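Everything on this sheet refers to the single structure shown next.
Just so you know, all these numbers are worked out from the coordinates, no wet-lab data involved. Bear in mind that the values here come from a model prediction, so they are computed numbers and not experimental data. Please note: Cβ atoms are built from the backbone with ideal geometry, for glycine as well, and neighbour counts cover all protein chains shown.
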Amino acid sequence: MGYYIRVLTPKPTPVSPVLLQKAAEAYGATVVGDLGSSAWDQLVVANEAGEEVCAVECNVVSPGSLAAEEIEEFLAEIADCLPSSGASWLRTYLATVRTIYAFQVLDGTYSENGWEILGSVQETVRSSVGGIVQADNEGFSNEEGDHILWQFSDGASGDWRMAVLKDGLWQRFKMDLGNEMHRLAFKNGEIPEGTER
């Protein structure tokens, strides 16, 4: 099935493939597909060596569509996620999503500059249409790019940008995913003590 990173946006108008091509060119990469079409379904980003870095799908949310099914799957997936304030915000946000951009990670991502190429194209989409990011086995971000739910594996570790919702505002901080006290505070909707803001 592969590993996916998604940008979910309330904007229904697809991002111009020309913008994605410019983002890829900064790393010597190219975008393959119908670059002249304003309504596109899939493009492929390849590095200088011709290795495919990622496939990018543009899926519009409509009744019975793949994107609508994904939204339903996400809603079921986050039903028991913590903190509850983040899950509640996300349920409301998902109801507004009109387009999902799905980036399938391919072999070229693991070659030189692969992650940078993918990141540049992904960020071009997000900065063009706004939205939130979802990554398989990691979870969801808010519109500022901070993670808002605990969906990591038990073995997760390392510093990560997170946010909790307090009085309608996101409070941002960096926490150690492997720190049990940090995890507990975050799941309770609190900023862990000793974290960098």
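Side notes on the structure shown:
- Cα-Cα pairs of region 96-145 separated by more than 12 Å (percent): 68
- Relative compactness, region 26-86, computed as alpha-carbon Rg over 2.2 N^0.38 Å: 1.60
- Helix axis angle, 66-77 relative to the chain longest principal axis, alpha carbon, degrees: 20
- log10 of Debye I(q)/I(0), alpha-carbon scatterers only, for region 44-153 at 0.18, 0.19, 0.23, 0.24 Å⁻¹: -0.97, -1.05, -1.31, -1.36
- Under the Debye formula (equal points on every Cα, no solvent term), log10 I(q)/I(0) of region 154-197 at q = 0.15, 0.28 Å⁻¹: -0.31, -1.01
- With contacts taken as Cα pairs under 8 Å at a separation of at least 6 residues, region 154-197 carries a relative contact order of 36 percent.
- For chymotrypsin sites (Phe, Trp or Tyr not before Pro), no site in region 121-197 is both called loop by DSSP and has at most 13 other Cβ atoms within 10 Å.
- Residues of type lysines that K166 reaches as a straight line, Cα spacing below 23 Å, ignoring anything fewer than 8 places off in the same chain: K174, K187
- Note on the chain: Rg/Rh from C-alpha atoms, Kirkwood Rh, equals 0.99.
- Order of W40, W115 - criterion: other Cβ atoms within 10 Å of each residue's Cβ, fewest first: W115, W40
- Anchor K22: aspartates and glutamates whose Cα lies under 16 Å away (excluding residues fewer than 8 positions away in-chain): D34, E48, E116, E123
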